[in-house]
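Some notes on the structure that comes next.
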Amino acid sequence: MQKITPMLWFDTQAEEAANLYVSIFKDAKIHHIARYSDAGPGAPGSVMVVEFELFGTRYTALNGGPHFKFSEAVSFVIRCEDQKEVDYYWAALLEGGGKESQCGWLKDKFGFSWQVVPKQALDLLGHSDPAVRTRVAQAIYKMIKLDVAEIERAAKG
């Protein structure tokens, strides 16, 4: 059993968000939907929480009202195998009103932040040669969506 579960606070879009996320990621599923009772604070019968799973990790989405908003202080990193996978997640998470940021970051239409990062970037940022690390970091700082070919060119100098 997973001991710690990230909780994502939505105004009223918890079920919509969970459905979007499980449609994007392979082997994802919704486990449970709980609804508000007469005790509130949501309208009786409306969705309170949605428990869902992405790549074996469970999450809970809460319809808690407009009191709190997402910020870039918390994001999920998607470690991608190649440019095709980067492109897929980038497009899927931006669809319907998401916003690009920089250095592989974006916000989906709900305002939640994601980092779509190819494994090549992570590997090269940890390279044993500090000059390679510097060139790769400088290249990434100029990008919006990360470009594997450009990152590899930067690594070679």
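The values are calculated or read from the model by the stated rules, or taken from the named source; none is laboratory data. Predicted model, so just to flag it, every value in this text is computed and none were measured. Note: ideal-geometry Cβ built from the backbone for every residue, glycine included; neighbour counts use all protein chains shown.
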Problem - Residues that are part of a loop (DSSP other than H, G, I, E, B) and either under 12 Å from the mean Cα position of the chain (by Cα) or within 14 Å of Val74 (Cβ to Cβ) (or both), drawn from segment 102-113 - result: Gly104, Asp108, Lys109, Phe110, Gly111, Phe112
Practice task
Scan segment 88-95 and give yes if some residue there is surrounded by 13 or more Cβ atoms within 10 Å (Cβ to Cβ) and more than 27 Å from Ala14 (Cβ to Cβ), otherwise no.
Solution key: no
Practice task
Go through the residues of segment 68-78 one by one and say whether even a single one is surrounded by 18 or more Cβ atoms within 10 Å (Cβ to Cβ), in the same structural domain as Ala139 (by TED's automatic domain parsing), touching a residue at least 24 places away in the same chain (Cβ under 8 Å) and not aromatic (Phe, Trp, Tyr).
Solution key: yes
Practice task
Go through (1) crowded, with 16+ Cβ neighbours inside 10 Å; (2) under 30 Å from Pro41 (Cα atoms); (3) in the same structural domain as Gln138 (by TED's automatic domain parsing); (4) in contact (Cβ under 8 Å) with a residue 12 or more places away in the chain one by one and return the number of the condition Leu106 breaks.
Solution key: (2)
Fill in the blank from the handout: Residues of segment 63-85 being of a type in the set (Val, Ile, Thr) and assigned to a strand (DSSP E or B), in sequence order, are Val77, Ile78
Problem - Among the residues listed as Ala155, Ala131, the single one being assigned to a helix (DSSP H, G or I) and either closer than 22 Å to Lys84 by Cα or in contact (Cβ under 8 Å) with a residue 60 or more places away in the chain (or both) - result: Ala155
Completion exercise
Scanning segment 30-62 for residues that are under 15 Å from Trp114 (Cβ atoms) and part of a loop (DSSP other than H, G, I, E, B) gives Phe55
Exercise for the section: Output yes when any residue across segment 6-29 is in contact with a strand residue (DSSP E or B) (Cβ under 8 Å, 6 or more places away or on another chain), part of a strand (DSSP E or B), in contact (Cβ under 8 Å) with a residue 40 or more places away in the chain and farther than 21 Å from Val116 by Cα, and no when none is. Expected result: yes
Problem - Scan of segment 3-57 for residues that are among the aromatic types (Phe, Trp, Tyr), closer than 27 Å to Arg79 by Cβ and surrounded by 15 or more Cβ atoms within 10 Å (Cβ to Cβ), ordered by number - result: Trp9, Phe10, Tyr21, Phe25, Phe52
